[in-house]
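Everything on this sheet refers to the single structure shown next.
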Amino acid sequence: MTHPFSLSGSTALVTGSASGLGFEIAAALAQAGAHVLVNGRDAARLAAAVTAIIRRGGHAEPLLLDVCDAAAVTRTVAGLGPVHILVNNAGARDRRGFLDMAQDDFRRLVEVDLMAPAHLTRELARGMVARGSGRIINIASIAGPLARAGDAAYTTAKGGLVALTRALAADLGPHGITVNAIAPGYFLTEPNAEFVRDQAVGEWLSRRTALGRWGRPEEIAGAAVFLASPAASYVTGHVLAVDGGYLAHF
Ligand SMILES: NC(=O)c1ccc[n+]([C@@H]2O[C@H](COP(=O)([O-])OP(=O)(O)OC[C@H]3O[C@@H](n4cnc5c(N)ncnc54)[C@H](OP(=O)(O)O)[C@@H]3O)[C@@H](O)[C@H]2O)c1
């Protein structure tokens, strides 16, 4: 009998997976048996990530692609074999106040955090529809349902990504495709480096989260493996918070 969390025989594409949460997700999907396309814009960082996954016994190859380059995405997807699992993880952040952000800066943020996942999903979902099955996982944020000052573009994009998750669950469900999101809380990755060094932020987070601490990057991976696996075959349109209890606790 196949293990309910086994991904063997499937191919997964994880965007932005040379570092941070994306790398941990890619490594865990590979450990569960998937062949993983490791994506990013820097060939050297991609090669190092692929090597690290292979060293752990997984199967992986690099996919050098800027997910914001719509024409390149369309071209690249046309040249790929079947992709059974898509994780839209690549993202960026701009913590300037709303009034300090030019409209073009706002648009750039929404482009990488929302428009790029929509385009890549559309291109890859065509093959999933033809096969009658597929898994799409969007890496959203606790900034989907909540907002804080100085984060308007990111909050807009992640809120949109949660809405897109629901909309595509409805659109693609009849074709056997599940569409879910993961909402990470505060994780120890590079974009948070400044906060991690700030003792006041650490103390606030230890009061604010039920578990009283930052998330370790590898703690995101189990949720992605679950949503990609046969065990989640009847789960769609769901947002799974992996946030140490941030949303549940105040
Ligand atoms: N860390 C947290 O606490 C947290 C909380 C909530 C949500 N999230 C979300 O989780 C995801 C990962 O965050 P992270 O903290 O792991 O950030 P990270 O370490 O900065 O990773 C982001 C990755 O995305 C890649 N990337 C950025 N733009 C890209 C593009 N246009 N095309 C292809 N790849 C691109 C980057 O690689 P290259 O620059 O080499 O291309 C990088 O490897 C993001 O969507 C973020 O919003 C994180």
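General observations
- Estimated distance in nm for a label pair at ARG122 and LEU80, the labels positioned 7 Å out from Cα along Cα-to-Cβ: 1.6
- Taking 1.567 mPa s as the viscosity and 4 °C as the temperature, the Stokes-Einstein diffusion coefficient of the range 155-198 based on its alpha-carbon Kirkwood radius rounds to 103 µm²/s.
- Helix 43-55 axis, angle to the chain major axis (alpha carbon atoms, nearest 10°): 70
- Folded to 0 to 90 degrees: helix 152-172 orientation relative to the chain principal axis, Cα: 30
- Normalised by 2.2 N^0.38 Å, where N is the number of residues, the C-alpha radius of gyration of the chain stands at 0.97.
- Calculated FRET efficiency for the pair PHE250/ASP42, C-beta based, R₀ 35 Å, to 0.05: 0.35
- Gap separating the Cα centres of the range 48-108 and the range 198-241, nearest whole Å: 21
- Summing charges over all other residues whose Cβ lies under 10 Å from the Cβ of HIS84, with Lys and Arg as +1 and Asp and Glu as -1, gives +2.
- Within-12-Å neighbourhood charge of PHE187 [Cβ basis; K, R +1; D, E -1]: -3
- Taking a point 7 Å from the Cα of GLN103 along the Cα-to-Cβ direction, none of the residues of the range 137-165 has its backbone N closer than 13 Å to it.
- Against the chain, whose longest principal axis is taken from its Cα atoms, helix 20-31 shows a tilt of about 30°.
Computed from the coordinates by the stated procedures, all read-outs in this text should not be read as laboratory data. What you see is a predicted model; the values in this text were computed from it and never measured. Glycine also receives a Cβ, built like all others from the backbone with ideal geometry; neighbour counts cover every protein chain displayed.
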